[in-house]
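Colleague: Attaching a single structure in structure tokens format; questions to follow.
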Amino acid sequence: MSERVFLSIGSNIGPRVANCTRAIELLAVQRRIVLVRKSPFYETSAWGKEDQPPFINCVVEVETTLEPLRLLDNLKKIESNMGRGPSERWGPRVIDLDIIFYGDRIVETRGLTIPHPHAHERGFVLIPLCCIAPDLVHPKLKKTVRELAGILKDTGVLRKVV
């Protein structure tokens with residue numbers, strides 16, 4: 001059975017928009033993953049480690065029959081194929097692909113937490129997500145994406161790019 005999944009995509013090294021676009025293209029050609037829609041791209045300030053260049057971020061909705069850990073493996077392969085290697089936590093990166101929501105599932109394993117544990121704190125996730133799924137309900141917090149975005153003190157969003 002297919003699941004509705006939301007992924008966050010970001011880049012702050014090299015041609016940032018091109019990197020995000022390439023990641024979306026690589027997602028779209030994956031077996032068992034269907035791209036449903038994409039948010040606009042936003043330039044955002046870095047989160048967690050602020051002394052680095054701004055990011056380009058977007059969110060995509062996909063339908064997949066892959067289980068969460070298998071999907072995560074596919075995302076890590078895309079990151080690796082695009083040149084991402086080991087890096088410092090929240091540091092600069094060519095590409096970053098994160099599972100934000102996987103249907104209404106709650107997953108807590110050593111290597112994967114869904115919903116993403118910081119999604120509700122990150123403007124670079126919530127603002128693009130509001131563009132494509134404002135009424136989506138966070139399965140743990142029981143608030144819509146729109147409600148969560150509305151209570152952010154600082155979104156970190158600098159500007160809409162494309």
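The values are calculated or read from the model by the stated rules, or taken from the named source; none is laboratory data. This is a predicted model, so every value here is computed, not measured. Quick reminder, even Gly has a Cβ in these numbers, built from the backbone with ideal geometry, and neighbours come from all protein chains shown.
Colleague: Just wondering, is there one or more residues in the range 69-76 that are acidic (Asp, Glu) and either under 20 Å from residue 115 (Cα atoms) or in a strand (DSSP E or B) (or both)?
Modeller: Yes, the range 69-76 contains a residue that is acidic (Asp, Glu) and either under 20 Å from residue 115 (Cα atoms) or in a strand (DSSP E or B) (or both).
Colleague: Any idea which residue in the range 1-44 is farthest from residue 156 (Cα to Cα), counting only those that are out of contact with any strand residue (DSSP E or B) (no Cβ under 8 Å at 6 or more places or on another chain) and not in a helix (DSSP H, G or I)?
Modeller: 1
Colleague: Report every pair of residues separated by at least 6 positions or lying on different chains whose Cβ atoms are under 9 Å apart, first residue within the range 132-161 and modelled with pLDDT under 95, second part of a helix (DSSP H, G or I) and of a type in the set (Lys, Arg).
Modeller: 161/16
Colleague: Here is a list of conditions, (1) outside any loop (DSSP other than H, G, I, E, B); (2) touching a residue at least 60 places away in the same chain (Cβ under 8 Å), and residue 47 meets all of them except one; can you say which number that is?
Modeller: Of (1) outside any loop (DSSP other than H, G, I, E, B); (2) touching a residue at least 60 places away in the same chain (Cβ under 8 Å), only one is false for residue 47: (1).
Colleague: Sticking with this one: Any chance you could count how many residues in the range 2-25 are at negative phi and surrounded by fewer than 16 Cβ atoms within 10 Å (Cβ to Cβ)?
Modeller: Number of matching residues: 6.
Colleague: Filter the range 115-130 down to residues that are under 12 Å from the mean Cα position of the chain (by Cα) and of a type in the set (A, V, I, L, M, F, W, C) and give me whichever is surrounded by the fewest Cβ atoms within 10 Å (Cβ to Cβ).
Modeller: Taking the candidates together, the pick is 127.
Colleague: Say whether the condition of being within 27 Å of residue 140 (Cβ to Cβ), modelled with pLDDT of 95 or more and surrounded by fewer than 18 Cβ atoms within 10 Å (Cβ to Cβ) is met by at least one residue in the range 79-90.
Modeller: no
Colleague: Among the residues in the range 57-70, are any more than 16 Å from residue 101 (Cβ to Cβ) and exposed (fewer than 13 other Cβ atoms within 10 Å of the Cβ)?
Modeller: yes
Colleague: So, one more: Just a yes or no: is a residue in the range 99-108 buried (at least 19 other Cβ atoms within 10 Å of the Cβ), assigned to a loop (DSSP other than H, G, I, E, B), touching a strand residue (DSSP E or B) at 6+ places or on another chain (Cβ under 7 Å) and of a type outside the set (Asp, Glu)?
Modeller: No, the range 99-108 contains no residue that is buried (at least 19 other Cβ atoms within 10 Å of the Cβ), assigned to a loop (DSSP other than H, G, I, E, B), touching a strand residue (DSSP E or B) at 6+ places or on another chain (Cβ under 7 Å) and of a type outside the set (Asp, Glu).
Colleague: Restricted to the range 26-54, and to residues that are modelled with pLDDT under 95 and touching a helix residue (DSSP H, G or I) at 6+ places or on another chain (Cβ under 7 Å), which residue is surrounded by the most Cβ atoms within 10 Å (Cβ to Cβ)?
Modeller: Looking at residues that are modelled with pLDDT under 95 and touching a helix residue (DSSP H, G or I) at 6+ places or on another chain (Cβ under 7 Å), I get 44.
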